[in-house]
1. Give me the tail of P(r) for the chain as a percent: Cα-Cα pairs with distance above 24 Å.
2. Using only Cα atoms, tell me the angle between helix 120-136 and the longest principal axis of the chain; keep it within 0 to 90° and round to the nearest 10.
3. In degrees between 0 and 90, to the nearest 10, how far off the longest principal axis of the chain does helix 39-64 point, with axes built from Cα atoms?
4. Just to confirm the number: angle between the C-alpha axis of helix 108-118 and the first principal axis of the chain, 0 to 90 degrees, nearest 10?
5. Treating region 54-139 as a set of equal point scatterers at the Cα positions, no solvent, please give the Debye-formula log₁₀ I(q)/I(0) at q = 0.11 Å⁻¹.
């Protein structure tokens, strides 16, 4: 339950920060940022969207299967999806700020949209982790052996 709450709070903070940066820099939508994003950001976002789909499938399997076999896959998604999103966001922010330092732009309206588009994979990774953690709240039931 603690992991789920932490992930939901991180998701809300990331979404709020990304929305503020996008609105401050020019009012771009998430779909518009995705269309104009760097190819690595797009690739990571698509991979993490597949992780969301996998989390949904494994979650539905875990609801039908009482043995808990799908919990390992859900645990992997809940840990590694945000890590991948964070790595891509950090890499993208690093390249944005190194470019900003070369050209000398200090106004956040110049670099805000690029940083916001780098947060898209983190947001999608957190959504995948929240979905996986939500399905993991239900504990698997041990198999009973008939006597």
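Read the figures in this text as sums done on the coordinates, not as results from a lab. The model shown is predicted, which means the values in this text are computed figures rather than measured ones.
1. On the way: 4193 of 10731 pairs.
Cα-Cα pairs of the chain separated by over 24 Å account for 39 percent.
2. In the chain, helix 120-136 runs at an angle near 10 degrees to the longest axis.
3. Helix 39-64 and the main axis of the chain meet at about 20 degrees.
4. 30 degrees
5. For the requested q values the scattering log ratios are -0.42.
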